[in-house]
Amino acid sequence: MAKLSKSLFGVAALGLAYVASAGTASAACDLKAQYPEFVGKPLKVGTTADSPPYNYRDGKDLDKITGLNADYFRAIGACLGMPVTFAVSDFAGLTSGVQAGHVDVAVSTIQYRPERAAAINFVVYMKGASGVVVRKDSTLKVAKMEDLCGLKGAAAVGGAQLASLEDLNKKGCAAKPIELTATPGGPGGPMLVQNKRADFYLGPATIQSFDMDLFKITYTQTTDLALGAIFAKSSTKLMEAFAAAMKTLQSDGTEAALYKTYLMDPAVSLPAEIRTN
């Protein structure tokens, strides 16, 4: 299994600093009086726990989920008076988890698309981008996505990256399609690249997601699509409370502090917005 990027050791240390300052940063977020029906109720969050710096298992305590989203959602829970717990799933199981009521909300760099919003609701809050990940010793040069035509590629099943490559095969690579392998997510895709069973993996465009001793991001695909938390269609009131707490944390500086803690550019932030279609 590919180890996590060395960057995460710095992230873990910075996380301790955030814990010390979070109380001050999020002190303004107290919506318990506005949403009393949720006070004391657990907020069960579904996540993949395999996507640093967004959400991943703590290296010192594998039962603890950490990362930008994990800390963000804990801050939202504190704002609403809801103790937060996490349920780990593969990416494909997140949507069914919220639909079946196994979790209240799910998160793992889930990109909003209208066809997805036909079955689930979103609170979007971040811009999305994907990175073409190759071996550190790879000589592959990518200036545009069409440069991937004819190669062997991998991406997580159910993710926007796989959908992007499938769409590319229908258009720009129709004459010379990419040989695609769908993986469950986590280290599976990079492992295929490391073992030379795939030429590239299309995944998150963050260096913390990969071991930079083994891999490099040779191209970044930007997108206008937004990332968000997902809810069941029936969970409208909880979604409204969640969005209100997120907006408060965006305005009081808590979100910006989290981006700094996890070595991410705050420019990817989007104003929290509910999308139901």
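Here, each number is a calculation from the coordinates, and none is a lab measurement. What you see is a predicted model, and the numbers here were worked out from it, not measured in a lab. Neighbour counts run over all protein chains shown; Cβ positions are idealised from the backbone, glycine included.
Would you mind pulling out the separation of the Cα centroids of the stretch 39-101 and the stretch 163-211, in Å? Each part reduced to its Cα centre gives a spacing of 26 Å.
Between helix 236-251 and the chain there is an angle of about 80 degrees, using the helix long axis and the longest principal axis of the Cα atoms.
Report, to the nearest 10°, how far helix 7-25 tilts away from the longest principal axis of the Cα atoms in the chain, using its own Cα long axis and a range of 0 to 90°. Here the helix axis deviates by roughly 20 degrees.
Residue separation times 0.36 nm, minus the C-alpha to C-alpha distance between ASP58 and LYS233: what's the value?
59.8 nm
Find out how many positive minus negative residues lie around MET264, taking Lys and Arg as positive, Asp and Glu as negative, among other residues whose Cβ is under 13 Å from that of MET264. Around MET264, the charge tally is -1. Net charge of the neighbourhood of ARG113, taken over other residues with C-beta under 14 Å away and scored Lys/Arg +1, Asp/Glu -1, is -2.
Of the cross-linked pairs LYS196/LYS216; LYS32/LYS127; LYS32/LYS237; LYS144/LYS171; LYS44/LYS247; LYS64/LYS260, those separated by over 18 Å at the C-alpha level are LYS32/LYS127; LYS44/LYS247; LYS64/LYS260. For the stretch 240-262, the residues whose amide N sits under 16 Å from a probe point set 7 Å from the Cα of LYS32 along the beta carbon direction are 245. Taking the Cβ-Cβ separation of ASP213 and ARG275 as r and a Förster radius of 35 Å, what is the calculated FRET efficiency to the nearest 0.05? About 0.35, to the nearest 0.05. Proximity of backbone amide H atoms, modeled 1.01 Å from N, is registered between PHE210 and SER5 at under 5 Å, excluding neighbours fewer than 5 places apart on the same chain.
If contacts are Cα pairs under 8 angstrom and at least 6 residues apart, what is the relative contact order of the chain in percent?
Details: 549 pairs, mean separation 82.3, N = 277.
Rounded, it is 30 percent for the chain.
For the chain, rounded, prolate or oblate, judged on the Cα gyration tensor with a ≥ b ≥ c (square roots of eigenvalues), a/c < 1.5 rounded, else prolate if a/b > b/c? Here the chain falls in the prolate category.
When you restrict to C-alpha pairs under 8 Å that are six or more residues apart and normalise by the size of the stretch 105-260, the relative contact order lands at 40 percent. Whole Å is fine, so just give me how far the alpha carbon centre of the stretch 232-277 lies from that of the stretch 127-144. Measuring centre to centre over Cα atoms gives 29 Å.
Were the residues from LYS196 through ALA163 laid out at 0.36 nm apart, the gain over their Cα-Cα distance would be 9.6 nm. One chain, two ends: VAL268 and ARG113. Fully extended at 0.36 nm per residue, the span grows by 54.0 nm beyond their Cα-Cα distance.
Report the net charge of residues surrounding PRO177, where surrounding means a beta-carbon distance below 12 angstrom and charges are Lys +1, Arg +1, Asp -1, Glu -1.
Details: positive: LYS152, LYS170, LYS171, LYS176; negative: GLU146, GLU166, ASP167, GLU179.
For residues surrounding PRO177, the net value is 0.
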